[in-house]
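Below is one structure; the comments refer to it alone.
The values are calculated or read from the model by the stated rules, or taken from the named source; none is laboratory data. These figures come from a predicted structure and were not determined experimentally. For neighbour counting, all protein chains shown are included, and Cβ atoms are generated from backbone atoms with ideal geometry for every residue, glycine included. SASA here: full protein model, heavy atoms, side chains in, ligands and nucleic acids out. Shrake-Rupley method; radii C 1.70, N 1.55, O 1.52, S 1.80 Å.
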Amino acid sequence: HCKHFLSVYFFSASKLSSMSSYRKCLQCKEVKDKDTHFTIEAWKCDVCLGGGGAAPASTPARDAAPAAPASGPAKPTQVSAPATTPAPAPKAPTAPTPAPAPKAPTAPTPTAPKPAPSSEPTTTVAASGGFVPPNCTKCGGQILGPALDAMGGKFHPECFTCCICGLPITEVDFAIVEGKQAHEACRPKPECVKCKQPIAGMILTALNAKWHETCFVCIKCEKPLAHQKFFIEEDDSGNEVPLCEKCTPKPEPCFSCGQPVDRGIVALDATWHPACFVCGHCKSALDGPFFPKDKIPYCSKECYLAAM
């Protein structure tokens, strides 16, 4: 009975305002007023108990009480409708992705024309040592390649030319004509002072004249003197001529000291050293007139008389 009462009370509390004024029949499920008689044992109204009256209208399934099992009163259960999962909405058809439009051909970017190579060499400074190419002595341009160092200057190989024919000089040996370079073949041939023939090969310059090497010999014994020590003597015409050491006259001894005299003073039929030619009395140097006596010079008359 307590369970039935509680279930009725729970329902009445949610629907009705007072338990003391209304009752609900457990059979017909109708709410009766306070004057209706209820049987406490079954909680049925007098109409249901006496069989009188119309059957109550059927109530919705949600208000029907579940049948009680044989073992005891049944617990009220709530029947819930089965949950249904809504069908997914059909996807809208997607439009096909349009193919990318072909790119318009781009005009080639104009490039500036490369400057024509200049014939003038540019200055290039080496980073390692700060080297600046030298300038050619002839054309003044910078020498960026091989350079010739000759005649106190620097030249392009094609600028080092012969002063006579104008062609480049490629030989290691070249001639110098009036202070300028020239081919050996282009050089004017000087005349040998002895044989009076042009000198085509090596020229030997001595005694202010040009000689063949084979023509420069001792004037007495004709010994070759090229690249040798030689002595100079005047011939009968007053010209200087070469002499070898053997043919050179030996110097006469000094009349005063007796030593050989290379360059001295000839006086009183004798040869003197300049330092030995002095007054015989006072020993002063004689650079003017003197008074001789017995091959002894005196500077004055007084020294001359004093020596008597």
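Things to note:
- Taking 14 Å as the cut-off, the amide N atoms of the stretch 205-232 that come nearer than this to a point 7 Å along the Cα-to-beta-carbon line of Asp262 belong to 230-232.
- Backbone amide hydrogens, once placed in the peptide plane, bring Glu213 within less than 5 Å of Leu204, excluding anything fewer than 5 places away on its chain.
- When Leu144, Leu225 are compared by accessible surface with a 1.4 Å probe, the order from highest to lowest is Leu144, Leu225.
- Accessible surface of the stretch 152-206, 1.4 Å probe, proportion on carbon and sulfur as whole %: 59 percent
- Amide H within-cut-off set for Thr271, under 5 Å, with H built and near neighbours excluded: Phe255
- Long pairs among Lys196/Lys229; Lys154/Lys229; Lys246/Lys293, criterion Cα-Cα beyond 27 Å: Lys154/Lys229; Lys246/Lys293
- When Thr205, Thr271 are compared by accessible area at a 1.4 angstrom probe, the order from most to least is Thr205, Thr271.
- The stretch 219-308 - percent of accessible surface contributed by carbon and sulfur, probe 1.4 Å: 52 percent
- Taking all protein chains together, Phe230, Phe216 sort by accessible area into Phe230, Phe216, largest first [probe 1.4 Å].
- Solvent exposure of Thr214, expressed as accessible area, is near 120 Å², computed with a probe of 1.4 Å over the protein chains only.
- Taking all protein chains as shown and a probe of 1.4 angstrom, Ile203 keeps an accessible surface of around 50 Å².
- Local electrostatic count, Gly153, Cβ distance below 14 Å [Lys/Arg +1, Asp/Glu -1]: +2
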